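K.L.:
Sharing a structure, written as structure tokens. Questions coming.
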């Protein structure tokens, strides 16, 4: 991985250092990863190409591949991780400047860790309240593991051993929203993720997440975000992920 590059010398990271990088990505520990990537170690990378630019590109591919796998182990959906990997590798393949290749590689690693961190924070917020009613907790667990399909209140109630009306009343009392609204909100969050980090078509996303139709997904999405899926994808996929310009690493 690339945190210890200096000038035209290709210093290698010892195995323990590389292992730490992977662990920090898997944990979503962005700050520790950022610090680690700035450290330098003696030694040299093996020669993968006689062309110095191709050498950097090959090293970048190795680093991003390891980072992608670590992100998946950290909870990132494989489709999201692989799309991120493909996008960065494609951008790097077009580079003809070693410094830019290294910059993109570091950005890719930090972005992997950042996505894991966001997912873990979200999970802790949704599941981590120890005082939460255990029935509500079981209900949410069921929803999280069945997001890629149609979910009904009756189905959830049956799965956790409660009467449908009782579960609906209990959930609304605790969450200040209906169970149906909660399910829709969570699905919309996944739609946003897929619109930003995947190339799935709108109908594929709608089918994947159990919406009755593409228009139904679009209607619910606009209700919660104020934007159509097309507007959201245009804004966030192009500006936040696919753009060719490299953002300053401090914002990651």
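K.L.:
How many angstrom separate the Cα center of the stretch 184-225 from the Cα center of the stretch 76-126?
P.N.:
Each part reduced to its Cα centre gives a spacing of 23 Å.
K.L.:
Can I ask one more? Restricting to Cα pairs below 8 Å that are 6+ residues apart, what does the relative contact order work out to for the stretch 131-240? Please round to a whole percent.
P.N.:
Values: 87 pairs, mean separation 26.4, N = 110.
Taking the mean separation of contacting Cα pairs over the length of the stretch 131-240, I get 24 percent.
K.L.:
With the radius of gyration and the Kirkwood radius both derived from the Cα set of the stretch 15-125, what is their ratio Rg to Rh?
P.N.:
Values: Rg = 14.1 Å, Rh = 14.3 Å.
In the stretch 15-125, Rg relative to Rh is 0.98.
K.L.:
Right, another one. When only C-alpha pairs under 8 Å and at least 6 residues apart count, what is the relative contact order of the stretch 15-125, in percent?
P.N.:
Details: 116 pairs, mean separation 45.6, N = 111.
Normalised by residue count, the contact order of the stretch 15-125 is 41 percent.
K.L.:
Report the FRET efficiency, 1/(1 + (r/R0)^6), for residue 189 and residue 47, where r is their Cβ-Cβ distance and R0 is 35 Å, rounded to 0.05. Kindly include the intermediate steps, with their values, before the conclusion.
P.N.:
Numbers: r = 46 Å, r/R0 = 1.30.
Plugging the Cβ-Cβ distance into 1/(1 + (r/R0)^6) gives 0.15.
K.L.:
So for the pair residue 204, residue 175, with labels modelled 7 Å out along Cα→Cβ, what separation do we get in nm?
P.N.:
2.9
K.L.:
By the gyration tensor of its Cα atoms, with a ≥ b ≥ c the square roots of the eigenvalues, what is the shape of the stretch 140-195: rounded for a/c under 1.5, prolate for a/b over b/c, or oblate? Could you put the intermediate results ahead of the total?
P.N.:
Details: a/c = 2.78, a/b = 1.58, b/c = 1.76.
In terms of gyration-tensor shape, oblate.
Computed from the coordinates by the stated procedures, all read-outs in this text should not be read as laboratory data. Just so it is clear, the model here is predicted, and its values are computed rather than measured. No Cβ is skipped: glycine too gets one built from the backbone with ideal geometry, and neighbour counts run over all protein chains shown.
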